[in-house]
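Structure first, then comments.
The values are calculated or read from the model by the stated rules, or taken from the named source; none is laboratory data. In this text the structure is predicted, and so the values were computed from the model without any measurement. Note that we place each Cβ from the backbone using ideal geometry, even for glycine, and neighbour counts take in every protein chain shown.
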Amino acid sequence: MVENRPYLTVLSHLVVILGIIITVMPIWITFVASTHPIEHIMDGTIPMWPGDKFFENYATVLGAGVADAGGIPVGTMLFNSLVMALSITIGKIAISLIAAYAIVYFDFPFRMACFWLIFITLMLPVEVRILPTFAVVANLGLLNSYVGLSLPLIASATATFLFRQFFLTVPEELAEAARIDGAGPWKFFKDILLPLSRTNIAALFVILFIYGWNQYLWPLLVTTDESFYTIVMGIQRMTQAAESLPLWHLVMATTMLAMLPPVIVVVVMQKLFVKGLVETEK
Amino acid sequence: MIKRVTFRNPWLPYALLLPQLAVTLIFFIWPAVQALYQSLLVEDAFGLSTEFVWFENFEELFADPLYLDTFWNTVVFSFSVAFASMSLALLLAVMADRTIKGATAYKTLLIWPYAVAPAVAGVLWFFMFNPVVGINAYLLRGLGYDWNHYLDGGDAMILVVIAASWKQISYNFLFFLAGLQAIPRSLIEAAAIDGAGPFKRFWTIIFPLLSPTTFFLLVVNVVYAFFDTFGIIHATTEGGPAGATQILVYKVFSDGFIGLDLGGSAAQSVVLMVIVISLTVVQFRYIERRVEY
């Protein structure tokens with residue numbers, strides 16, 4: 001601190017704490033609503049403290065789902081989300097690693113053309129090519145499948161860039177030494193480059209897991225079969241139902257469950273998360 | 001850019017690039033080309049006949065008052081979200097930067113909303129503002145304001161702006177805090193010795209030095225509001241009431257997927273593509289210049 005102004009310091013703390021309270025408020029309200037029977041929510045007095053139906057409500061959504069909303073168990077949706085998020089994350093990291101390796105460590109015709117082709121994907125988010133992409137996936141017979149949910153999303157310019165940048169900082173001597181010692185390209189990649197990239201891979205994993213888990217538009221397009229619904233898009237079906245049927249307590253329990261995995265990942269792996277966030281924006 | 005020491009192998013680099021290129025070509029380039037092509041066609045509702053019409057779809061699009069409304073909504077929405085989330089994040093970052101004790105703890109408590117899906121953020125605020133069961137609607141009624149985002153377009157817009165901004169504050173906070181911590185202490189100390197108070201120091205030293213971060217975040221936030229907020233709109237207002245919260249991305253989806261207007265939807269996709277490409281160019285040009293600051 002530059003100078004001692006106790007009032008200002010107190011004010012700073014107060015403002016930040018107020019900000020945190022406002023940020024956390026929606027979660028608290030949601031959590032409280034998810035622990036009450038529906039009558040408490042509908043009778044006009046909004047509860048501010050958790051009720052006694054925590055286990056009952058969560059067991060209902062996890063095990064049976066919201067049958068009145070034509071839903072399936074939230075447990076199934078959580079599983080689908082996990083499969084989709086992990087496939088996208090691992091797929092993106094794997095294909096980006098080898099693509100960046102090829103671009104940085106090999107000299108071959110059309111090297112820059114390949115690089116630009118990958119770069120272009122940055123400018124084509126799903127949102128701008130909804131219908132034709134859907135048509136491709138439908139023609140390949142991938143609707144309502146895990147492959148259809150994840151494969152079209154695993155091309156990643158950002159991840160390829162990140163690894164490219166990182167490989168360029170790896171000292172030349174390492175490749176030279178490896179070559180002199182007779183290591184081939186595969187051995188060099190596996191025994192030297194991969195271990196060096198560990199932190200980058202971990203940081204990217206956190207960012208991409210959140211990205212994969214939070215996908216909304218894509219699952220909405222490619223799943224019509226309820227058993228392939230992911231939780232983030234499944235909630236929407238429930239809120240629409242809650243407009244006519246009073247199901248808010250169950251919708252809120254599902255919302256809590258949808259938030260929990262990515263939030264835990266961010267809080268537990270905060271250092272990697274911040275690193276990943278800053279590096280992917282470079 | 002390439003390494004000085006490279007491996008030589010006639011087929012290995014292509015094999016390594018194959019998965020990435022295959023996915024890119026099949027699911028990115030090909031559909032984009034299709035969208036470009038379809039935007040020049042008119043197809044009847046049953047898909048029986050198609051006609052090549054050059055730029056008629058675009059002419060229709062920009063003559064359609066509904067589309068122009070959507071464009072305007074998107075601009076209002078994006079800049080409201082960028083302004084709200086950035087100014088709040090800057091305030092919190094400046095305050096958190098002042099508190100030496102607790103800054104790390106505050107950071108942990110403020111960054112997690114980044115992990116919440118846009119659609120889920122929408123549902124959280126949708127519930128809090130629900131006219132029947134929501135606490136915020138209840139409080140507003142107490143203040144004499146009859147909140148109803150089902151009927152009032154302005155209320156609905158405020159709802160989606162709040163939900164979208166809430167989620168984005170954590171991201172902006174992180175980057176502002178990093179920007180603030182990178183400002184040399186000596187500059188601020190020198191100003192303090194010369195008698196500049198905290199307010200004056202902020203506006204004449206800190207804020208100008210933060211401008212690269214601010215500009216970068218402005219672009220990122222506009223991109224976010226344009227393209228990543230589909231979930232918020234779809235899970236809450238569905239573009240309503242009467243199109244008041246319809247944004248461009250939502251209209252592409254509803255015209256193409258529900259309205260089955262292939263040519264019109266493709267033309268809208270092309271307009272969006274142009275917007276993304278311009279924003280990306282701005283972002284990259286700027287990032288190259290960032291080094292000089």
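Can you say whether A:Ile120 is closer than 30 Å to B:Arg8 by Cα, part of a helix (DSSP H, G or I) and more than 10 Å from chain B (Cβ to nearest Cβ), as far as the supplied structure shows? Judged against the criteria, A:Ile120 is not a match. Output the number of residues of the range A:189-232 satisfying the condition of being closer than 18 Å to B:Asp228 by Cα and of a type outside the set (Val, Ile, Thr). Summing the residues that are closer than 18 Å to B:Asp228 by Cα and of a type outside the set (Val, Ile, Thr) in the range A:189-232 gives 13. The listed residues are B:Gly256, B:Gly231, and the only one of them that is within 30 Å of B:Ile29 (Cβ to Cβ), crowded, with 16+ Cβ neighbours inside 10 Å, without any contact (Cβ under 8 Å) to a residue 24 or more places away in the chain and at the interface with chain A (Cβ under 10 Å from one of its Cβ atoms) turns out to be B:Gly256.
Looking at A:Val232, A:Val222, A:Val263, A:Val268, just one residue is farther than 29 Å from B:Pro212 by Cβ, among the β-branched types (Val, Ile, Thr), surrounded by fewer than 24 Cβ atoms within 10 Å (Cβ to Cβ) and touching a residue at least 40 places away in the same chain (Cβ under 8 Å), and that residue is A:Val222. Take the conditions (1) more than 8 Å from chain B (Cβ to nearest Cβ); (2) assigned to a helix (DSSP H, G or I); (3) surrounded by fewer than 15 Cβ atoms within 10 Å (Cβ to Cβ); A:Leu168 misses just one of them, which is (1).
Among the residues of the range A:6-43, the one identified as more than 7 Å from chain B (Cβ to nearest Cβ), closer than 19 Å to B:Ile188 by Cβ and in contact with a helix residue (DSSP H, G or I) (Cβ under 9 Å, 6 or more places away or on another chain) is A:Leu11. Of everything in the range A:171-185 that is more than 8 Å from every other protein chain (Cβ to nearest Cβ) and of a type in the set (A, V, I, L, M, F, W, C), the residue that is nearest to B:Leu12 (Cα to Cα) is A:Ala183. Of all the residues in the range B:89-146, those that are more than 7 Å from chain A (Cβ to nearest Cβ), buried (at least 19 other Cβ atoms within 10 Å of the Cβ) and of a type in the set (Gly, Ala, Ser) number 6. Residues that are facing chain A (nearest Cβ under 9 Å), buried (at least 18 other Cβ atoms within 10 Å of the Cβ) and in contact (Cβ under 8 Å) with a residue 12 or more places away in the chain occur in the range B:175-187; there is at least one. Among the residues examined, B:Leu90 does not qualify as within 30 Å of A:Val32 (Cα to Cα), of a type outside the set (Val, Ile, Thr) and within 22 Å of the chain's Cα centre (by Cα).
Inspect all residues belonging to the range A:180-187 and state whether any of them is at pLDDT below 85, outside any helix (DSSP H, G or I) and on the phi > 0 side of the Ramachandran plot. Within the range A:180-187 (the criterion being at pLDDT below 85, outside any helix (DSSP H, G or I) and on the phi > 0 side of the Ramachandran plot), the answer is yes, since at least one residue qualifies. Looking only at residues in the range B:200-226 that are facing chain A (nearest Cβ under 10 Å) and of a type in the set (Phe, Trp, Tyr), the one that is farthest from B:Ala119 (Cα to Cα) is B:Phe216.
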